[in-house]
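First up is the structure itself, then whatever we jot down about it.
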Amino acid sequence: MPKLKLTVEKLEAVDEPLRPLYVERDGKYELDVDGIPDMRAALKTANEEAKTLRLKYKGIDPEEYAELKTQLEELRAKSGPEAIESIKQQLLTAHGKEKARLESRLTKLTGELERALVDASATAEIVAAKGSPVLLLPHVKKFTKMVEGDNGHFSVQVVNERGEPRVRDDGTPMSLSNLIGELRANTQFGRAFEGNGSSGSGMGAGGGGGGAAMKRSKMSVDEKSAYVAEHGVEKFMQLPY
């Protein structure tokens, strides 16, 4: 029995007794069997997809690609944990540097805030007590520091030589006003307040017999303290600036 071809260009290529089994489609003769058109459409679609893939991966050797893919997977398997650890360390280092920078900035800002708060508060209390901020402020700052309360507000705290909070006899915290009052009652620092000074040896505001008058702006802190201790704050304020 002769083999039947699914498609022939010319009907004459088929034995005459078998020609009735063929039908003409698109200029060719196909064996009239159910499913042939569907198979042709599927074959056409597959050919088009294959053509698209050939264009997409043109110039790529499948064997070489498979080998490179295997090497890449092996490399990932070997270096994966190390690479992750390296990235982790880089992130930790960057975080540490940024944290140190922010902490340094915070320390600087806190110091500036403390100086401003202590200076302003102490100066106000000294002036209220009619004392000399120029003479008393350096000493007051030695025994004060800025503290933050539970409410987040900052205030000035009076401390002793060890930086510990000072308390009064009744157990309450010593205030700036109490510290200033303590200085006013002190024999040495009391002269830095108006009304507490004395003329000492009787020397005039010039500080010495007949010499040129001393200027407050030219005196050091120690010289100012010594002058007030000897002549009083009133005489000190009479000196030319």
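The values are calculated or read from the model by the stated rules, or taken from the named source; none is laboratory data. Everything quoted here is computed from the prediction, not taken from an experiment. Please note: Cβ atoms are built from the backbone with ideal geometry, for glycine as well, and neighbour counts cover all protein chains shown.
Here are the numbers for this structure:
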{"item": "Residue within the range 141-154 that is touching a Lys or Arg at 6+ places or on another chain (Cβ under 6 Å), surrounded by 13 or more Cβ atoms within 10 Å (Cβ to Cβ) and of a type in the set (A, V, I, L, M, F, W, C) present", "result": "no"}
{"item": "Residue in the range 123-146 that is touching a Leu at 6+ places or on another chain (Cβ under 7 Å) and of a type in the set (G, A, S) present", "result": "no"}
{"item": "V158 being in contact with a Pro (Cβ under 9 Å, 6 or more places away or on another chain) and assigned to a strand (DSSP E or B)", "result": "yes"}
{"item": "Residue in the range 94-112 that is surrounded by 11 or more Cβ atoms within 10 Å (Cβ to Cβ), within 30 Å of S155 (Cβ to Cβ) and at pLDDT 80 or above present", "result": "yes"}
{"item": "Candidates E164, E148, E125, filtered to the one that is charged (D, E, K, R) and touching a Phe, Trp or Tyr at 6+ places or on another chain (Cβ under 6 Å)", "result": "E148"}
{"item": "Yes/no for S201 being of a type in the set (G, A, S), at pLDDT 50 or above and exposed (fewer than 12 other Cβ atoms within 10 Å of the Cβ)", "result": "no"}
